Each structure stands twice: as structure tokens, then as C-alpha cells.
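> Okay, handing you the structure first.
Laboratory data are not the source of any read-out in this text; all were calculated from the coordinates shown. This is a predicted model, so every value here is computed, not measured. As a convention, Cβ positions derive from the backbone with ideal geometry for all residues, glycine included, and neighbour counts pool all protein chains shown.
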Amino acid sequence: MPLLTWNDYFSVRIKEMDDHHKRFFDLINTLHDAIEHGEARDVLF
């Protein structure tokens, strides 16, 4: 289950910036999942 879910509330209405923010959400969720499964080192390094 994702820690953060993107929705229009977070949008700044500038596509390039929104795309970067969405990618940041993905990275946070990936790290969160890895931490929960004891695999944070694999994701970070």
C-alpha cells in the first residue's frame, strides 16, 4: 500500500513540475515499501 498517493490537490498546474513531483512520490513509496520489507539498503545503494 502506498504511503503517498498523488491527486490533483498536490498539483501546481505546471506539467513538468507535476511530473517531477509524481516521480518524487514514486521514489518515496518505493523506499517506504523497501523499509517495510527490510530491503532499504537494496533500494538506496
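> For the list (1) in a helix (DSSP H, G or I); (2) on the phi > 0 side of the Ramachandran plot; (3) among the charged types (D, E, K, R), I need the number of the one condition that Arg13 fails.
Here Arg13 clears every test but (1).
> Follow-up question, since we're still on this one. Which pairs have Cβ atoms under 6 Å, sit 6 or more apart or on different chains, and link a residue in region 19-38 that is within 15 Å of Asp8 (Cα to Cα) to one that is of a type outside the set (Phe, Trp, Tyr)?
Phe25/Leu4
> Run Met1 past the list (1) loosely packed, with under 11 Cβ neighbours inside 10 Å; (2) part of a helix (DSSP H, G or I) and report the number of the one that doesn't hold.
(2) is the only condition that Met1 fails.
> Report, by residue number, each residue of region 1-17 that is of a type outside the set (A, V, I, L, M, F, W, C), over 26 Å from Asp42 (Cβ atoms) and in contact with a helix residue (DSSP H, G or I) (Cβ under 8 Å, 6 or more places away or on another chain).
Filtering region 1-17 for residues of a type outside the set (A, V, I, L, M, F, W, C) gives 2, 5, 7-9, 11, 13, 15-16.
If we keep only those that are over 26 Å from Asp42 (Cβ atoms) as well, we get 7-9, 11, 13, 15-16.
If the condition is that a residue be of a type outside the set (A, V, I, L, M, F, W, C), over 26 Å from Asp42 (Cβ atoms) and in contact with a helix residue (DSSP H, G or I) (Cβ under 8 Å, 6 or more places away or on another chain), then Ser11 is the only one that fits.
> With Asp19, Asp33, Asp26 as the choices, which residue is loosely packed, with under 12 Cβ neighbours inside 10 Å and either part of a helix (DSSP H, G or I) or in contact with a His (Cβ under 9 Å, 6 or more places away or on another chain) (or both)? Before the answer, list the steps.
On the way: Asp33 fails: loosely packed, with under 12 Cβ neighbours inside 10 Å; Asp26 fails: loosely packed, with under 12 Cβ neighbours inside 10 Å.
Selected residue: Asp19, the only one of Asp19, Asp33, Asp26 that is loosely packed, with under 12 Cβ neighbours inside 10 Å and either part of a helix (DSSP H, G or I) or in contact with a His (Cβ under 9 Å, 6 or more places away or on another chain) (or both).
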